[in-house]
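Here is the structure we will look at, set down as structure tokens.
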Amino acid sequence: MKKTLLTATTIGAAMMLAQPVLAQAAWDTDGDGALGAEEFVAGFGSMGTFANFDADGNGLLDATEWGSGLTEVGQYENMDLNGDGGVDEAEYNALLFNRYDADGSGTIDATELGTIEADMTPGGMLGG
């Protein structure tokens, strides 16, 4: 019984560690081992997180919607990059890309992708 539990735990841990690599491979369309901004936007955008925060469905996040879980990214007042009165999906994706590109390299590597996946889990910043 203990051996079975240990084996299951080991397999589960190995699968969790492999997840960032698997997601990165799926999003890494040019196969260079890192995600550029365009790859991030395409992959991350397909997950629908913007729509989860856009409660009224108008395509812009207002201060209330931003405050429902995105304050870790930054203060709402500083996030409306184009001055249209809300944070649109392009701004949202750019802000998150910059947040996750922790080393400022212009790409997201496997370690940085692991942070994204942690944020996507239940209880994480983007996972609800």
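The values are calculated or read from the model by the stated rules, or taken from the named source; none is laboratory data. Computed from a predicted model, the values in this text were never measured in an experiment. Methodologically, a virtual Cβ is constructed for each residue, glycine included, from the backbone with ideal geometry; neighbour enumeration extends over all protein chains shown.
Among the candidates 57, 69, 106, 83, which residue alone is among the small types (Gly, Ala, Ser), surrounded by 15 or more Cβ atoms within 10 Å (Cβ to Cβ) and in a loop (DSSP other than H, G, I, E, B)? Talk me through it step by step, then tell me what you get.
Values: 57 fails: surrounded by 15 or more Cβ atoms within 10 Å (Cβ to Cβ); 106 fails: surrounded by 15 or more Cβ atoms within 10 Å (Cβ to Cβ); 83 fails: surrounded by 15 or more Cβ atoms within 10 Å (Cβ to Cβ).
From the options 57, 69, 106, 83, the qualifying one is 69.
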Quick check on my filter: what residues within the stretch 49-78 are among the hydroxyl-bearing types (Ser, Thr, Tyr) and closer than 13 Å to residue 93 by Cα? 49
Those residues of the stretch 34-54 which are over 21 Å from residue 110 (Cβ atoms) and surrounded by 13 or more Cβ atoms within 10 Å (Cβ to Cβ) amount to 50, 52, 53, 54
Count - residues of the stretch 29-66 that are closer than 21 Å to residue 113 by Cβ, in contact (Cβ under 8 Å) with a residue 12 or more places away in the chain and of a type in the set (Gly, Ala, Ser): 7
Residue, farthest from residue 56 (Cα to Cα), within the stretch 72-119, restricted to residues that are modelled with pLDDT under 90 and of a type in the set (Val, Ile, Thr): 111
